[in-house]
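Here is the structure we will look at.
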Amino acid sequence: MKRLEFHAMGSRMLAILDSSSPAAGSVLQNVPGWFEQWEQALSRFRLDSELSLLNRSEGQPVSVSDTLWDVFHAARQAEQDTDGLVRPTVLDALLRAGYDRSFDMLPLRGETAPVGLMTFSPLTTEITWDESTHTLCLPEGTHLDLAGVAKGWAAEKAAGHLKHYGPALVDAGGDIAISAPRPGGQPWPVGIRDPFQPENHFETLHIKYGGVATSGIDYHRWQMGEKWNHHIIDPRSGLPADTDLLTVTVVAQDAIRAEAAAKAVLILGSAAGMDWLESDPALAGILVLQSGVTHYSDRIRNYLWREK
């Protein structure tokens, strides 16, 4: 088994190949370069990125790369899958909440956000696009943040490249893509971090393939005046979600769906979120409340590792 850790997209990344092939080690060395290319297209924190140029287009149509095109449509699908709870049009709300630079540069305390500017984030149905030319046109006043879906997409893309050399796992800042079972059909162990004791795992999932993602308000948070804000925006209000949940971990068909579902549950809160999660037979999850209570969906028990 060969592994590589690196930093990209503002997060810790991990790529693992369970292969004895001589080519496995060398192909892993290419993974950071893939992420650099994707970040240059998708980062809102780089002024010269393709996404930043699109966000400054002022209502004019812009021809975009295959990467940005694919991630935009993955974000549209996430919006549909979550009944509009997860949208890429929350950039202005994030900026108003104080998340105006990468988190490692964000001060823990900022000025109080202006009053009266909080509004809902529009749906992507207000954006126009042309399939034949890969052209996007953002209405004036609409700007995109693709951070969440971009990590899930990148994890899936990297795992898809690596699977030709053996079973692969790619962890993009908590969005995990698993291409296939390990040799002998064995599942991959995936530890779930304890938000109250970050150095510990409180559960271990055993996943043969698919996606796992954790969304939470325990890490990306900062103080604005007397109020603590976080990066999970409820698009219905344009405000950081008012939720009783601290973290949500979801298992799904792929990392993109897992990330979107985890975020949707977090926004809904523990009661409505669990109902929403249980209503989809393709999803399973673990909900950790701010009170310290942990709730398990029925289907997540199929993935839990228990000593016999």
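The values are calculated or read from the model by the stated rules, or taken from the named source; none is laboratory data. Quick caveat, the model's predicted, so the values are computed rather than measured. Please note: Cβ atoms are built from the backbone with ideal geometry, for glycine as well, and neighbour counts cover all protein chains shown. Please note that ligands, DNA and RNA were not included when accessible areas were found on the heavy atoms of the full protein model with its side chains. Shrake-Rupley method; radii C 1.70, N 1.55, O 1.52, S 1.80 Å.
Taking the range 277-308 as the range and being open to solvent by less than 50 Å² (accessible area, probe 1.4 Å), at pLDDT 95 or above and on the phi < 0 side of the Ramachandran plot as the test, the residues that pass are Leu277, Ala282, Leu283, Ala284, Gly285, Ile286, Leu287, Val288, Leu289, Thr294, Ser297, Ile300. Of everything in the range 246-276 that is more than 17 Å from the chain's Cα centre (by Cα) and open to solvent by less than 10 Å² (accessible area, probe 1.4 Å), the residue that is nearest to Arg76 (Cα to Cα) is Gly273. Looking across the range 258-308, the residues that are of a type in the set (S, T, N, Q), part of a loop (DSSP other than H, G, I, E, B) and out of contact with any strand residue (DSSP E or B) (no Cβ under 6 Å at 6 or more places or on another chain) come down to Ser279, Ser291.
Return the residues of the range 47-69 that are of a type in the set (D, E, K, R) and either closer than 15 Å to Leu138 by Cβ or surrounded by 15 or more Cβ atoms within 10 Å (Cβ to Cβ) (or both); say none if nothing qualifies.
Glu50, Arg56, Glu58
Filter the range 175-200 down to the residues that are surrounded by 14 or more Cβ atoms within 10 Å (Cβ to Cβ) and part of a strand (DSSP E or B) and list them by number. Selection gives Asp175, Ile176, Ala177, Ile178, Arg182, Trp188, Val190, Ile192, Arg193, Asp194.
For His206, the test of being in a strand (DSSP E or B), open to solvent by 30 Å² or more (accessible area, probe 1.4 Å), in contact (Cβ under 8 Å) with a residue 60 or more places away in the chain and of a type outside the set (S, T, N, Q) is passed. Filtering the range 27-36 to residues that are under 17 Å from Ala159 (Cβ atoms) and surrounded by fewer than 15 Cβ atoms within 10 Å (Cβ to Cβ) leaves Gln29, Asn30, Gly33. Among the residues of the range 209-245, the ones that are open to solvent by 50 Å² or more (accessible area, probe 1.4 Å), in a strand (DSSP E or B) and modelled with pLDDT of 90 or more come to 1 in all. Among the residues of the range 128-174, the one identified as in contact with a Pro (Cβ under 9 Å, 6 or more places away or on another chain), surrounded by fewer than 17 Cβ atoms within 10 Å (Cβ to Cβ) and acidic (Asp, Glu) is Asp130.
Elements of the type helices (runs of 4 or more DSSP H) sitting completely within the range 44-150 and holding at least 3 residues that are more than 25 Å from Ala261 (Cα to Cα) and modelled with pLDDT of 95 or more: these cover 50-55. Only a single item in (1) closer than 23 Å to Ile176 by Cβ; (2) open to solvent by 80 Å² or more (accessible area, probe 1.4 Å) is not met by Glu39, and it is number (2).
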